[in-house]
């Protein structure tokens, strides 16, 4: 996935609730509805935090247009996509020992924190040890939780790109490090009202949802905004060597020198689609069966990609929602991906699917029509 961090000037803003009630009531022009979503800028502790500061956010990370939705709908990303999250190599944006120590010394908060994440208080140390610290590269919807009157107080939030979070083994954001707040998946509103303070560049078309992986992620591939390169990270091991997003060639740790966390890159990082040394590709994609009855199984077949390439599947639904899924091909440049329960609760119609090589930009597209089942047609 091609995501780029670019410099952005932050507006002068007041405090926003890192979790819990108490955010500003200033809404975004043009966004109307009865359901409030609080915008949470980077580097603000806000009201009702669970813990003192236990992490460092990175100002100046702005989602590129390619990460958003051209139709205005929410965009969903699978947590296992390489480069979805960012970080600075050999620098921990979240202080896990400090977080654990504070919770262990404050039993009431520890109980509320653990309950929110579905664990026992006795499991907090082991649980946090298995989390990975990353930086959000997109403005991300979550359910944020502050600490109010002895319990976790949920509030729907959108976290600004650059926010330091801990993610679990399935890639789901579970802790906002700046204030220690537990995070859970968002409640999606049909007509949200976004309240401030809002950052420069805030756009409702740039808000994303991160879907947890269906399998355990043993190693995350993170994008370093300071260098424009990628590296690997595990929960407790040392960070891997830099990997150029333009190719699979690794470089030594001294090949580039990261700037200090929080600084702004002087140049935009290189994209992943401008390689001049990429192998020749002639990609092709097909979907079968086509059409398919709602609830059925659709198999995507890809061929003609570079051997062993990491691909991204982009699905444009009839209702404007965009979904992304990871896919890899074998040594022969071919691979398959299975969509079960076609459309599910989504609308019937034509689904346009594009498969892209993350390293070279080579892509191919196909579409599939999802029709109502005979049972559904009869019952209506």
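The values are calculated or read from the model by the stated rules, or taken from the named source; none is laboratory data. Nothing here was measured: the structure is a model prediction, and the numbers come from that model. Using ideal geometry, Cβ is built from the backbone for each residue, glycine included, and neighbour counts are taken over all protein chains shown.
Here are the numbers for this structure:
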read-out	value
Members of the stretch 94-122 that are outside any helix (DSSP H, G or I), more than 18 Å from residue 52 (Cα to Cα) and in contact with a strand residue (DSSP E or B) (Cβ under 8 Å, 6 or more places away or on another chain)	117
The stretch 197-228, residues that are within 22 Å of residue 145 (Cβ to Cβ) and either surrounded by fewer than 15 Cβ atoms within 10 Å (Cβ to Cβ) or in contact with a strand residue (DSSP E or B) (Cβ under 6 Å, 6 or more places away or on another chain) (or both)	198, 207, 208, 209, 210, 211
Those strands (runs of 3 or more DSSP E) lying entirely in the stretch 190-247 with at least 1 residues under 26 Å from residue 92 (Cα atoms) and touching a residue at least 12 places away in the same chain (Cβ under 8 Å)	207-211, 220-224, 229-233
Residues being modelled with pLDDT under 90 and over 13 Å from the mean Cα position of the chain (by Cα) - total across the stretch 69-93	5
Which listed residue is assigned to a helix (DSSP H, G or I), under 19 Å from the mean Cα position of the chain (by Cα) and not assigned by TED's automatic domain parsing to the domain that holds residue 316, from 66, 125	66
